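The values are calculated or read from the model by the stated rules, or taken from the named source; none is laboratory data. Since we're looking at a predicted model, the values are computed, not measured. Cβ atoms come from the backbone with ideal geometry, glycine included; neighbour counts cover every protein chain shown. All accessible areas refer to the heavy atoms of the entire protein, side chains included, with ligands and DNA or RNA removed. Shrake-Rupley method; radii C 1.70, N 1.55, O 1.52, S 1.80 Å.
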Amino acid sequence: MDAQVVYKLFPLNAAGGVGKKVVLDQDEEGTPDLRPEEGVLFETIEKLTMLHEAGAHPTEIVALSDTGDYLIAKQPLAFPMADTLEGCKAALAAQRDGALKAICAVTPRAPLRRSVSVVWLNETAWLVSDLHVGNVMLDQRGTPTIIDALVGVVTPAAIRRFGWLRQAIEDAQALREGRIPAVRPEFGDGDDAEL
């Protein structure tokens, strides 16, 4: 009988890390900068655990390989969604939105070159990024799900620096707690007389 599972191997890299994480900081000009960085074993385990607990595709951490150079995880089989490139772009956007909704994520309007979403889980704010066609798929019921992503803990420094991030965290926390996020005016929605 076909087990319908996928084993994922996260190799130890040349620098001694395992996997990647996402970091939000600012560049020399003070512009927000979202970038991938090498992760360590603990951060990769945190990522897999967070995505699983948040409601992404179920993931089981199996073990370290006997040689200690691979972290092994297991997931149920997931499926791609579109068969044409044009259909793929439209379907991926809808699928990504559905997968983000499943983990109670908020995608802020942020001045970043890469898209990022914020998740509140276990009293911690997390960044979730890199949701391309290979990382967002369909589960066995046909429901959009995140099978992998770049993830990172939001740092206190980033919270202090970026107002849009603080708002996204508040909204993500509200969603996680079953509350409706605050209605926030968008740029240009205010009364000019109040300026």
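5 Å is the cut-off here: which amide hydrogens, built 1.01 Å from N in the peptide plane, fall below it relative to residue 19, excluding neighbours closer than 5 in sequence?
13, 39
If each of residue 53 and residue 41 carries a label point 7 Å out from its Cα toward its Cβ, how far apart are those two points in nm?
Placing both labels 7 Å along Cα→Cβ, they lie 2.0 nm apart.
Translational diffusion coefficient, Stokes-Einstein: compute it for the range 1-65 using the Kirkwood radius over C-alpha pairs as Rh, at 25 °C and 0.890 mPa s, and state it as an integer in µm² s⁻¹.
So the translational diffusion coefficient is about 175 µm²/s.
Could you let me know the centre-to-centre spacing of the range 167-181 and the range 22-63, using Cα atoms, in angstrom?
So the separation of the two Cα centres works out to 20 Å.
Each residue of the range 103-108 in turn: what ³J(HN,Hα) in whole Hz from Karplus with 6.51, -1.76, 1.60 and θ = phi - 60°, glycine and Pro shown as x?
My calculation for the range 103-108 gives 9, 6, 8, 10, 9, x Hz in order.
Does the range 128-185 classify as rounded, prolate or oblate by the C-alpha gyration tensor (a ≥ b ≥ c root eigenvalues; a/c under 1.5 gives rounded; else a/b over b/c gives prolate, otherwise oblate)?
Judged from the Cα gyration tensor, the range 128-185 comes out oblate (a/c at least 1.5, b/c at or above a/b).
Could you tell me what percent of the accessible area of the chain is made up of carbon and sulfur, with a 1.4 Å probe and every protein chain present?
Ligands and nucleic acids excluded, carbon and sulfur give 55 percent.
Gaussian network model of the chain, Cα springs within a sub-10 Å range: biggest mean-square fluctuation belongs to which of 22, 40, 119?
Looking only at 22, 40, 119, the largest GNM fluctuation is found for 40.
Could you work out how much longer the chain between residue 114 and residue 133 gets when fully extended? Use 0.36 nm per residue separation minus the Cα distance between them, nm to one decimal.
5.4 nm
Quick one: among 21, 89, 74, which has the greatest mean-square fluctuation in a GNM of the chain with alpha-carbon springs under 10 angstrom?
Largest GNM mean-square fluctuation: 89.
Which net charge results when you count Lys and Arg as +1 and Asp and Glu as -1 among the other residues whose beta-carbon is under 14 Å from that of residue 30?
-3
Between 137, 81, 50, where does the largest GNM mean-square fluctuation fall for the chain, given springs only between Cα atoms within less than 10 Å?
Maximum fluctuation in the GNM of the chain, among the listed residues, is at 81.
Could I have the simple spin-label model distance between residue 13 and residue 155, label points 7 Å from Cα toward Cβ, reported in nm to one decimal?
Simple spin-label model gives 1.7 nm for this pair.
How much solvent-accessible surface does residue 46 expose, in Å² to the nearest 10, with a 1.4 Å probe and all protein chains in place?
Rounded to the nearest 10, that gives 60 Å².
How big, on average over all directions, is the shadow cast by the Cα convex hull of the range 1-133, in nm²? Intermediate values should be presented prior to the final figure.
On the way: hull surface 43.9 nm².
With every direction weighted equally, the projected area is 11.0 nm².
Mean Kyte-Doolittle hydropathy of 1.0 or higher plus an axial Cα length of 30 Å or more: which whole DSSP H helices in the chain meet both?
none
Using 0.36 nm per residue of separation minus the Cα-Cα distance, give me the extension gain between residue 5 and residue 164 in nm, one decimal.
53.4 nm
What nm distance separates the two modelled labels at residue 90 and residue 70, each placed 7 Å from Cα along Cα→Cβ?
Label-label distance for residue 90 and residue 70, simple model: 4.1 nm.
If Lys and Arg each add +1 and Asp and Glu each add -1, what is the summed charge of the other residues whose beta carbon sits under 14 Å from the beta carbon of residue 136? Could you put the intermediate results ahead of the total?
Values: positive: 89, 96, 101; negative: 97, 130, 139, 148.
Cβ neighbours under 14 Å give a net charge of -1.
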